[in-house]
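For reference, the structure discussed in these notes is given below.
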Amino acid sequence: MRHTGIMNTYDIVGDVHGSFKQLQRLVLKLGYDLTSGEHPDGHQLVFVGDLIDRKDDQWETIELVRRFVRAGNAHCVMGNHEFNALAYATPTVDGSDWCKRHTEHNYQTHQSFLENLSAEQRDEALEWFLELPLWLSLPGLNVVHACWDQKSIDSLTQILQGSKLRGKADIQAASDRSNPLFRLVETVVKGPEITLSEIDLPPYRDKGGTLRTEGRANWWASDRKTQKQLVDIPANTKLDDGTAYPELDDVREFPDVSVPTYNLDTPVAFGHYWREWSDDDDWDEPEYIGWGSGRMCVDFSAGNNGPLVAYRFVEGERTFSIERFHLSA
């Protein structure tokens, strides 16, 4: 447990996606006990969500993080994959379908969660997912899976009377596009998006083959006027015809496009955005992950054979530095 009389230190862990062996290595490297999650100096682990899907070791990952959280040695927020698992298992209000439809695409997305857990384990996992907050305000640090939008968080606090989904009715409401809860939950666990045509960009095929007419907004960036500043288009993205996606314009401005802005003094950590790790000390684009700005992504694609990464944050810091990152490998 945390020692009294010292500043809080948090090790913020990126999206795990069932990468249990990497998680074990990282936890040990950071000095934590694998049984309880206790640290000799009172540090605490903070998970940004998306513990599940993609890799095979689903139950082992859930069980470890849940044990640490329940022992009081870790915190974890809900990611979009935890929310989607809840929606996949929850019927719609009229009982005619599921909140997340059981299509072939959706099954493939959740295949490792559905096939590598027994029915009893899935029920346990889903019950625990409902214990996870949608965001965390820790001493000196804000944590969310995808986007800290204060207006959305204030509205969610009022509707939910707290930071957690309360059960089936909230899952149903948050899965219904006509319900105000839908957009609010989407913002914090999946992030805001920009209609690509608004900034003169064409649709693209994502890594799953889906044609996307919207792109993830760079809500954490300090400047958001040009295409490059506004939207996050993954590397090696293709157009619908299979040709390379056009290079984003960093000159022409689109000042009327609205994106949530993070203006709080408290640093914020998040995951979700599939960054790629570089061993270079001099990153070409510091705002690619946000360090130096008090806004930082810790997701470096562990679910796609990238490293599982943690950032050691000490209460009182106002910016982030590359020297405090720790990799599982």
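What to note about this one:
- Take every pair of alpha-carbon atoms less than 8 Å apart whose residues are at least six positions apart; their mean separation over the length of region 193-258 yields a relative contact order of 31 percent.
- Listed peptides 118-124, 321-327 by packing density, highest first (mean Cβ within 10 Å): 321-327, 118-124
- Normalised by the number of residues in region 152-246, the average gap of Cα pairs under 8 Å and 6 or more apart makes the relative contact order 18 percent.
- Extension gain for the segment ARG67 to SER36, taken as residue separation times 0.36 nm less the Cα-Cα distance, is 10.5 nm to one decimal.
- Here the Kirkwood formula puts the hydrodynamic radius of region 51-173 at 15.4 Å, using every distinct Cα pair.
- Separation of alpha-carbon centers, region 171-241 and region 40-117, rounded to whole Å: 22 Å
- Here the contact order of the chain, divided by its residue count and restricted to Cα pairs under 8 Å and six or more residues apart, works out to 21 percent.
- Cα-based equivalent ellipsoid, the chain: semi-axes from gyration tensor eigenvalues, Å: 28, 26, 20
- Proportion of all alpha-carbon pairs of region 193-258 beyond 20 Å (%): 21 percent
- Likely footprinting exposure, TRP148, TRP59, fewest C-beta neighbours within 10 Å first: TRP59, TRP148
- If you plug the beta carbon distance of THR261 and LEU211 into 1/(1 + (r/R0)^6) with R0 = 35 Å, you get a FRET efficiency near 0.75.
Where a number appears in this text, it was derived from the coordinates with a stated rule and is not lab data. Just so we're clear, the structure is a prediction, and the values are computed from it rather than from any experiment. Cβ: placed from backbone, ideal geometry, glycine included. Neighbour counts: every protein chain shown.
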